[in-house]
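Right, one structure below, let's go through it.
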Amino acid sequence: PRVCVVGSGPAGFYTAQHILKHHGGALVDIYEKLPVPFGLVRFGVAPDHPEVKNVINTFTQTARSERCAYYGNVTVGRDVTVPELQQAYHAVVLSYGAEDNRVLGIPGENLPGVYSARAFVGWYNGLPESRDLKPDLNCETALILGHGNVALDIARILLSPLQLLRKTDITDSSLAALACSKVRRVWLAGRRGPLQVAFTIKELREMINLPGTRAVLDPADFTGLESAVKDAPRPRKRLTELMMKTALEKPGEMQAAAAGAAAPREWGLKFQCSPQEVLPSADGRRARGVRMALTRLEGSGDSAKAVPTGDVEELECGLVLSSIGYRSLPLDPAVPFDSQRGVIPNSSGRVEGVPGLYCSGWVKRGPTGVIITTMNDSFDTAQSVLEDLQGGVLDISPFREGFGLVESILRSRGVRPVSFSDWQKIDAAEVARGKAAGKPREKIVDPAEMLQIIGH
């Protein structure tokens with residue numbers, strides 16, 4: 001059987017890995033729109049979290065299997081359609097992730113100084129489409145809307161001492177911009193309360209322990225939570241206890257004096273406030289703050305809803321980062337898409353109403369969870385493909401040409417795919433440039449330059 005996977009992020013690679021491991025004869029081709037593989041492992045994981053990127057070694061092993069091939073620089077839906085892939089393969093798995101962000105839907109969100117988390121993370125991680133972002137860091141206070149790990153990542157990158165970032169694979173141009181940054185204070189605001197934050201304890205602890213930075217948490221936000229947190233699941237309990245401890249910690253006199261002298265950078269969490277409007281500066285040319293609607297919670301735990309109280313508060317800030325989630329987009333008119341939920345309607349990864357078409361990762365279940373969540377989800381989809389192969393749901397008697405057919409389609413449209421060994425040349429060039437600068441790698445951010453290196 002010939003199987004094609006669209007997207008080379010964790011969902012795509014884990015799906016391919018599981019099929020190759022559990023079916024001794026399957027051939028899997030992975031298509032990717034960029035010349036370079038690995039999706040959010042390369043472009044989403046924070047540069048100061050290199051250990052999270054170790055999964056790249058596993059993915060590389062998969063790509064090197066003689067039954068697996070990688071074709072980068074191919075945009076499915078434009079260079080080749082999904083129906084064309086279905087003619088070339090017995091099964092097609094869509095694992096192309098979430099390449100857009102949710103919008104706030106409030107006045108002023110298009111003012112200069114307002115950025116989506118996706119674009120900002122892409123900028124410091126070398127995502128080609130975000131390379132020209134040039135965020136204005138010429139203000140003291142930044143406001144991040146959202147209480148997830150991505151929000152904490154951004155806060156950490158904005159406040160990290162430069163010597164820590166210099167040793168990472170952060171892009172050269174963003175390091176230069178951060179070196180001139182005037183941002184000294186970062187607020188992270190969320191609609192709900194401390195018991196509903198979406199970040200995890202590891203990320204919170206890292207933020208609390210960031211050198212030269214102090215946490216500003218209001219003890220009033222945590223009053224009366226002891227009883228509520230008693231019955232919470234253990235991870236939630238530990239997370240809330242760490243926030244409470246940080247809020248109540250009084251720095252000793254020596255620490256206070258030292259902290260005062262160092263005029264440290266600071267960050268804090270704001271709860272139960274929802275953005276209503278980004279306020280323009282006097283000349284109307286940029287953001288100067290955000291009007292927040294104060295909320296109260298109805299219900300408890302993860303299902304608590306934030307309801308506006310009618311009161312508002314203005315927060316001064318020159319930089320606004322919206323970290324309220326990523327969003328998947330429809331890929332091809334031939335593929336059903338639930339634009340309300342931003343997913344492909346499916347059951348266990350089988351696309352509704354289209355036999356032989358599957359999906360895995362964020363486009364299957366929505367943009368939530370970490371790499372391990374995506375791994376389990378992708379194994380689940382791969383299992384559906386294997387069951388359908390075994391149970392005869394997928395008819396593999398007709399010969400399918402696989403890449404042979406796709407190649408002639410791409411050639412007729414003037415598209416030249418990039419192979420995995422081509423990527424390894426780009427990889428070697430990045431590592432060599434990084435070595436010269438004392439970094440693990442210096443990412444190439446321009447696709448044209450990538451193609452030049454491999455002589456395309």
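The values are calculated or read from the model by the stated rules, or taken from the named source; none is laboratory data. None of these values were measured; they are calculated from a predicted model. Don't worry about glycine lacking a Cβ; one is built from the backbone with ideal geometry, like all the others, and counts go over all protein chains shown. Heads up: the accessible areas ignore ligands, DNA and RNA and are worked out on the full protein's heavy atoms, side chains in. Shrake-Rupley method; radii C 1.70, N 1.55, O 1.52, S 1.80 Å.
Taking only protein heavy atoms into account and a 1.4 Å probe, give the accessible area per residue of segment 315-449 in Å².
Solvent-accessible surface per residue comes out at 48 Å².
Per-residue accessible area for residue 393 at 1.4 Å probe radius, Å² rounded to 10?
Taking all protein chains as shown, residue 393 has close to 100 Å².
Full-extension gain between residue 383 and residue 132, please, as 0.36 nm times their residue separation minus the C-alpha to C-alpha distance.
86.3 nm
Any chance you could run the full-extension gain for residue 216 through residue 334? It's 0.36 nm times the residue separation minus the Cα-Cα distance, nm to one decimal.
37.4 nm
What distance in nm separates the simple spin-label points at residue 110 and residue 180, each placed 7 Å from Cα in the Cβ direction?
2.8
Let me understand segment 302-385 better: what is its radius of gyration from the alpha carbons, and its Dmax, in angstrom?
My reading of the Cα-based Rg and Dmax gives 17.7, 53 Å.
On a straight-distance basis, which lysines could pair with residue 33 in a cross-link, Cα separation under 21 angstrom, same-chain partners fewer than 8 positions away excluded?
53, 364, 425, 443
Find the all-direction average of the projected area of the Cα convex hull for segment 37-167, expressing the result in square nanometres with one decimal place.
11.1
Of all DSSP beta bridges located in the chain, what percent are antiparallel, nearest 5?
Approximately 40 percent, going by the DSSP bridge assignments.
Could you please tell me the mean projected area of the C-alpha convex hull for the chain, averaged over all directions and given in square nanometres to one decimal?
Convex hull of Cα atoms, orientation-averaged projection: 24.3 nm².
Take the Cβ-Cβ distance between residue 453 and residue 370 as r, set R0 to 51 Å, and report the resulting FRET efficiency rounded to the nearest 0.05.
Here the calculated transfer efficiency is 0.95.
Sorted by accessible area with a 1.4 angstrom probe, largest first, how do 84, 387 fall?
Output order, biggest surface exposure first: 387, 84.
From the C-alpha gyration tensor of segment 100-326, pull out the three semi-axes of the equivalent ellipsoid (sqrt of 5λ each), sorted largest to smallest, in whole Å.
For segment 100-326, the semi-axes come out at 27, 23, 17 Å.
What three numbers, in Å, describe the spread of the alpha carbons of segment 347-426 along their principal axes, ordered from the longest?
Principal extents (Cα only, largest first): 36, 36, 20 Å.
Among 22, 147, what's the order by accessible area (1.4 angstrom probe), most exposed first?
Ranked list, largest accessible area first: 22, 147.
Computing the accessible area with a 1.4 Å probe over protein heavy atoms, can you report the carbon and sulfur percentage for the chain?
It is 52 percent, rounded to a whole number.
Set the Förster distance to 51 Å, then compute FRET efficiency between residue 309 and residue 60 from the Cβ-Cβ distance, nearest 0.05.
Efficiency, from the Cβ-Cβ distance: 0.45.
Short version: what are the Cα gyration tensor semi-axes of segment 136-268, square root of 5 times each eigenvalue, largest first, in whole Å?
Those come to 27, 18, 13 Å.
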